[in-house]
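Taken together, the values in this text are just the output of simple stated rules run on the coordinates, not laboratory data. Given the structure is predicted, the values throughout are model-derived calculations rather than measurements. Backbone-built Cβ (ideal geometry, glycine too); neighbour counts: all protein chains shown.
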Amino acid sequence: MVMFENWLRGRAGDVLARRLGDTVATEVLDDAFRRYRAEVASLPGERSAGGRLMVRCAALTAALHDALVEAGLPAADARTRVAEVTAAIYAVMGRAPWLIARCTARSPLVRLRRATSAFRNFPFGPPAYQMIDVPSDERTVAFDVVRCPVAEYFRERGLVALCVEAWCNLDYELAERWGGTLERTTTLVEGAGRCDFRWHVADQKPPS
């Protein structure tokens, strides 16, 4: 876990330094990791490694947001800076599933299905995450997420906007990198009973 935290710190530092400068970025990250370490022992336990990892990442996201606000950024600007950090990290996370999918399938739909399936196994796998497959057409991968520990973490702390901007919205760009588009109308963190993921092959418009 220490190695992973060091990797996260390096990626975050690169992004923040471009916006805030090296000195401020380092100070903000030092504060963020202090806040994170003060909370980590009390985080809710999850029954899967992926679930535990994602809740820790959520706690670090919140800690970084609070550190940026403490450093003087308005909350909206802090969310934007955090989203830039999480987007850079998520892009790296999404590379391996897509590489495997591209190397093992020629069909755009099969590639999209395999890439999403890889993420649904780790880190977004059961029992921490609960998902239900939904019938769809031959150009769509469809499932509903009915339990997300990250959404629960942010809702309990009143950080819904941060979750949407710095976590949920990253899936739209991920879909494009995976050769598709994402349609989603509801999210758990905003109080709905599900996140309705509809991944469409890029050359197919979503059903009207």
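Put a plus charge on the Cβ of each Lys and Arg, a minus charge on the Cβ of each Asp and Glu, and nothing anywhere else: the dipole of the chain about its Cα centre is then about 680 debye. If you plug the beta carbon distance of V110 and T185 into 1/(1 + (r/R0)^6) with R0 = 30 Å, you get a FRET efficiency near 0.75. Considering only alpha-carbon pairs that sit under 8 angstrom and 6 or more positions apart, the relative contact order computed for the chain is 19 percent.
Working note: Cα atoms of segment 7-73, range along each principal axis, descending, whole Å: 39, 21, 15.
How many angstrom separate the Cα center of segment 54-104 from the Cα center of segment 160-207? For segment 54-104 versus segment 160-207, the Cα centre distance is 16 Å. Ranking G180, W98, C148 by Cα position along the charge dipole of the chain, where only Lys, Arg, Asp and Glu carry charges on their C-beta atoms, puts W98 farthest toward the positive end.
Take 135-143, 101-109 and order them by the average number of nearby Cβ atoms within 10 Å per residue, most first; the result is 135-143, 101-109.
Here the Kirkwood formula, the inverse mean of 1/r across different C-alpha pairs, assigns segment 154-208 a hydrodynamic radius of 12.1 Å. Computed over the chain, the per-residue total of -39500 (n - 2.57) for DSSP H runs of n ≥ 4 gives a 222 nm mean residue ellipticity of -19000 deg cm²/dmol, rounded to 500.
Scanning the chain for DSSP H helices at least 24 Å long along the axis (C-alpha atoms) with a Kyte-Doolittle mean no lower than 0.0 picks out 49-70, 75-93. Of the Cα atoms belonging to segment 103-184, the radius of gyration and Dmax stand at 13.8, 43 Å. In the chain, the inverse of the mean reciprocal separation of distinct Cα atoms equals 17.8 Å; this is its Kirkwood hydrodynamic radius.
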